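*Asks:* My questions will all concern the structure given below.
The values are calculated or read from the model by the stated rules, or taken from the named source; none is laboratory data. Just so it is clear, the structure is predicted and the values come from calculations on it, not from any experiment. Backbone-built Cβ (ideal geometry, glycine too); neighbour counts: all protein chains shown. In case anyone asks, the SASA skips ligands and DNA or RNA and just uses the protein heavy atoms, side chains included. Shrake-Rupley method; radii C 1.70, N 1.55, O 1.52, S 1.80 Å.
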Amino acid sequence: MTINFRAVYAVLLREIKVFTREKERVISILVSPLLFLFAVGKGIEADSPAAGFTYQQFIYPGTLAMVILFTSITYGLYIVWDKRLDFLKEVLAAPISRGELFLGKALGGIFSAVCETIILLIIGAFFVLKINLISALLCLLACLPISLMITAMGLSIGGKMKSMEGFGLVMSFLTWPMFFLSGALFEIKDENFWLKAAGIINPFTYCVDIIRRILIGYSHFSVFTDLSVIFAWLILTCFIGIKIFGNLQQGK
Amino acid sequence: MEPSVKTVNLTKKFSDITAVDSLSLEISQGETLGFLGPNGAGKTTTINMLCTLLRPTSGSAYICGIDAVKYPLEVRKKTGIIFQEPSSDDMLTGYENLYLHAMLYGMNKNSAEKKIKEMLFITGLEKRAGDQVRTYSGGMRRRLEIARGLLHEPAVLFLDEPTLGLDPSARREIWSYLGKIKSDRKTTIILTTHYMEEADSLSDRIAVIDRGKIIALDSPSALKSSLGEDLVFLKGKISDQALNLPFITHFEKKGEGYEIAVKGLSKNIKKLLEEAEDVSEIEIRRVSLEDVFLKLTGKKIDEEGKEESGGVFESVVRYNSVRK
Ligand SMILES: Nc1ncnc2c1ncn2[C@@H]1O[C@H](COP(=O)(O)OP(=O)(O)OP(=O)(O)O)[C@@H](O)[C@H]1O
Ligand SMILES: [Mg+2]
C-alpha cells in the first residue's frame, strides 16, 4: 500500500490554515486549564504530594495534559462541522482514501495540540515553575502520541455524530470525567478503591503521569507503563477511527 | 466503445423511501446527459452514488468501466463534481480552496497554478481570489465551486444544479465553457438542473426521472416533438374549415380567438393562415422542454398540492374550533 502524501499534506495544510485563523478557538481552549492552574492552584492552599513543590506546581503538568486533552478532543469533534457545512464532501469525493484522510486530520490534531502546549509551557515557565529546554522538548515529544490518541478518539466519535448537539454530551460524559479521574488535581490514594480503579482504566491518567515525571520528577507508574498504555490506546483508537472513516458517507 | 457511465439496476433506499429505483443507464464518452425531475426525484442521490459518496443499496455503477463500489478511489480519479449545496471552505481564500483541490487531485504545482489562473479568469473571480470565502456573495461562491470542479479536467463531470444563483451572463459564460470542454476534451457531463433552457441547450439526451425511475429518455428535440405540440393563438374570425385541418390536434376558444395545437408548425402555418378567414393577430408559442417536463411529471405535483392545501385548510378549521 502506498500513501498519497501530497493529499495527506493538503488535508493537513487546510487544518493548519484554519487553526491559525480561528484565534477565538485557540484562546478559548486555554481558559479552563488556566482557571485550574491559577484559581484552583493558587486559591486552594492544599499540600503538594510531591515534596519540594507547591500545590500549583504539582497540578501544572495536569493542566498541561488538560490542554492536550481539550484541544485534541474538540478538534476531533469538529469534523461534525465539516460534515454539516458540506465541506467534507469535497474531500470525500477526491481521490484520497479514508485512511489518508484520517491521517491528515490526525496530523492536524497533533499540530493544534503542540501549538497550545507551547503556549502553556511559556506561561508555565514565566509564572509557575522553572522549565528547562530539555523538559520542554520532552513535553512536546510526549504530546505527540497523547494528542494522536485523543484526536483519534474525537474523530471516531465525531465521525459517528450527526450534529453538534452531541458535543456537550461528549464533554460532560467523557472529557471532564477523564480529566477529574486522572489524578491531575490530586493524588489518587490506594484506600479509595473506586477512584483508584477508574484512574487505572482511564488512559488520561498515564498522560498526566508521564508529563508530571518530565516536569517535576514525580510519578506513579514507570515510564514504560505510561508509554505502553498510551501506545496501546493509540493503536486502538486509530484502528476504530480508520474503520469509522471508512464508512463515512454523504448523509445529512 | 465502452460507455463512460453505466448503471445496472442501481437502487438506493433510505429506510422506507426508495430514492433511486433500479436505474439502468448508459452514457457514452463526450455525451452530455441532462437529468431532469421534480424535487426529491432522486437526482442528487444518483449522482452521489456515481461519484462514490453513497453506497448503493443494490445494483452497480461503472465509471469508465471501473466498478464504483469496488474501486471508489480509482473512480474518484476520473470524476469531478459540483455539488448542489455549498461545499467550499469558508475560512480559506478562494485561491486556497482551488489550490488544495489541485493538491488533492495530484496536480503538479506548475499546471495547478496555470489552471487556477485560467479558471479564475473564466469565472471572473481574479480580483477576489485572495479573500476568504466567507466574504463572498452566494453567486461568487457558486462560481468558485464551478471553477474548482473543472480544475482537474475530469473525464466525467457531474454538475448538480451548477448554475443555481448565477446571474444570466455568468450562466452563459459557464455554458460556453462547458461546450468547449465537451468538444476539446470529450468530457462526459451529467447535469441536473431546474432551468429547462439550460438542459435544452446543453444536453444531447435528457433523462426525466420521477420517484427514482426514469420515465423518459431521449434527445430534447425528440422529447419535444413526441410529447408536445406547438401552439398558435389566432385572433379574429376563424373559419371552421381552418379549425378542422388534419394537422390540428385540438383547439379551444379563448377570448376573441382560438388556441390551436398544430403538428409540424413550420410546414403547416402557411396553410392554416390561408384557410382562416380574417386573422388580426398571431402569436406562436413553440413547445418547450418545460411543457414536456410538466406533462410527464406535472400532474402528480398538482395532486400533491391539492392534498397539501386540504391539509392546511383542515388544520385551520381545527385550530378555529379549538379556539372556540
Ligand atoms: N440522507 C438521506 N436520508 C434520508 N432520505 C434521503 C437522504 N437523501 C435523500 N433522501 C430522500 O431521497 C429522495 C431523493 O432525494 P434527492 O436529493 O436525490 O432528490 P433530487 O432529485 O436531487 O431533488 P432536488 O431537485 O430537490 O435536488 C428524497 O425523497 C429525499 O427525501
Ligand atoms: Mg438534488
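*Asks:* Distance in nm between label sites at B:Val69 and A:Ile16, each 7 Å beyond Cα in the beta-carbon direction?
*Replies:* Taking the simple label geometry, B:Val69 and A:Ile16 are separated by 4.1 nm.
*Asks:* Relative contact order for the range B:133-231 using alpha-carbon pairs under 8 Å, separation at least 6, rounded to a whole percent?
*Replies:* Numbers: 80 pairs, mean separation 20.1, N = 99.
So the answer I get is 20 percent.
*Asks:* Can you tell me, using C-alpha contacts under 8 Å and at least 6 residues apart, the relative contact order of the range B:229-286 as a whole percent?
*Replies:* 53
*Asks:* Most fluctuating residue of A:Thr151, A:Thr54, A:Thr74 in a GNM of chain A with Cα springs under 10 Å: which is it?
*Replies:* A:Thr54
*Asks:* Looking at the protein assembly as shown only, what percent of DSSP beta bridges run antiparallel? Nearest 5 please.
*Replies:* Looking only at bridges with both residues in the protein assembly as shown, the antiparallel portion is about 70 percent.
*Asks:* How much area per residue is accessible in the range B:5-219 when the probe is 1.4 Å and only protein heavy atoms are counted (Å²)?
*Replies:* I get 40 Å² per residue for this part.
*Asks:* Cβ neighbours within 10 Å, averaged per peptide: list A:16-22, B:275-281 in order, most packed at the top.
*Replies:* A:16-22, B:275-281
*Asks:* Shifting gears a bit: Just flag the trypsin sites (Lys or Arg not before Pro) in the range B:170-256 sitting in loop per DSSP whose Cβ has no more than 16 other Cβ atoms within 10 Å.
*Replies:* B:Lys186
*Asks:* Keeping to pairs on different chains or 8 or more places apart, tell me how many lysine pairs in the range A:5-246 have Cα atoms under 20 Å apart.
*Replies:* 18
*Asks:* Okay, helix-only estimate at 222 nm for chain B: each DSSP H run of n ≥ 4 adds -39500 (n - 2.57), divide by all residues, round to 500 deg cm²/dmol; what do you get?
*Replies:* Taken over chain B, the calculation gives -12500 deg cm²/dmol.
*Asks:* Right, here's the next one. The range A:163-230: which trypsin sites (Lys or Arg not before Pro) are DSSP loop and have at most 13 other beta-carbon atoms within 10 angstrom?
*Replies:* A:Lys189
*Asks:* Rounded to the nearest 20 debye, what is the charge dipole size of the protein assembly as shown about its Cα centre when +1 sits on each Lys and Arg Cβ and -1 on each Asp and Glu Cβ?
*Replies:* 1060
*Asks:* Highest GNM mean-square fluctuation, chain B, Cα pairs closer than 10 Å: which of B:Ile209, B:Ile238, B:Ile190?
*Replies:* So, out of B:Ile209, B:Ile238, B:Ile190, the one fluctuating most is B:Ile238.
*Asks:* Here is a follow-up. Please name the residues of the range B:65-91 whose accessible area, counted over protein heavy atoms with a 1.4 angstrom probe, falls by no less than 40 Å² between the chain alone and the full protein assembly.
*Replies:* Listed in order, they are B:Leu73, B:Arg76, B:Phe83, B:Glu85, B:Ser87, B:Asp89, B:Met91.
*Asks:* For helix A:55-77, what angle does its Cα long axis make with the longest principal axis of chain A, in degrees from 0 to 90 and rounded to 10?
*Replies:* Here the helix axis deviates by roughly 10 degrees.
*Asks:* For the range B:157-238, which chymotrypsin sites (Phe, Trp or Tyr not before Pro) pass both filters: DSSP loop (anything but H, G, I, E, B) and at most 11 other C-beta atoms within 10 Å?
*Replies:* Those that pass, being in a loop and sparsely packed, number zero.
*Asks:* If you don't mind, there's one more thing I want to ask. Enter the buried accessible area of the B/A pair, total of both sides, probe 1.4 Å, in Å² rounded to the nearest 100.
*Replies:* That pair of chains buries around 2700 Å² in total.
*Asks:* So what are the ³J(HN,Hα) numbers for the range A:14-22, from phi and the Karplus equation (6.51, -1.76, 1.60; θ = phi - 60°), rounded to whole Hz, Gly and Pro as x?
*Replies:* 4, 5, 5, 4, 5, 4, 6, 8, 9
*Asks:* Further question on the same structure: Taking only C-alpha pairs under 8 Å that are 6+ residues apart, what is the relative contact order of chain B in percent?
*Replies:* For chain B, the relative contact order is 18 percent.
*Asks:* Which one of A:Val26, A:Thr237, A:Ile201 is farthest out on the positive end of the charge dipole of the protein assembly as shown, using unit charges on Cβ (Lys, Arg +1; Asp, Glu -1) and the Cα centre as origin?
*Replies:* Looking along the dipole axis, the top candidate is A:Ile201.
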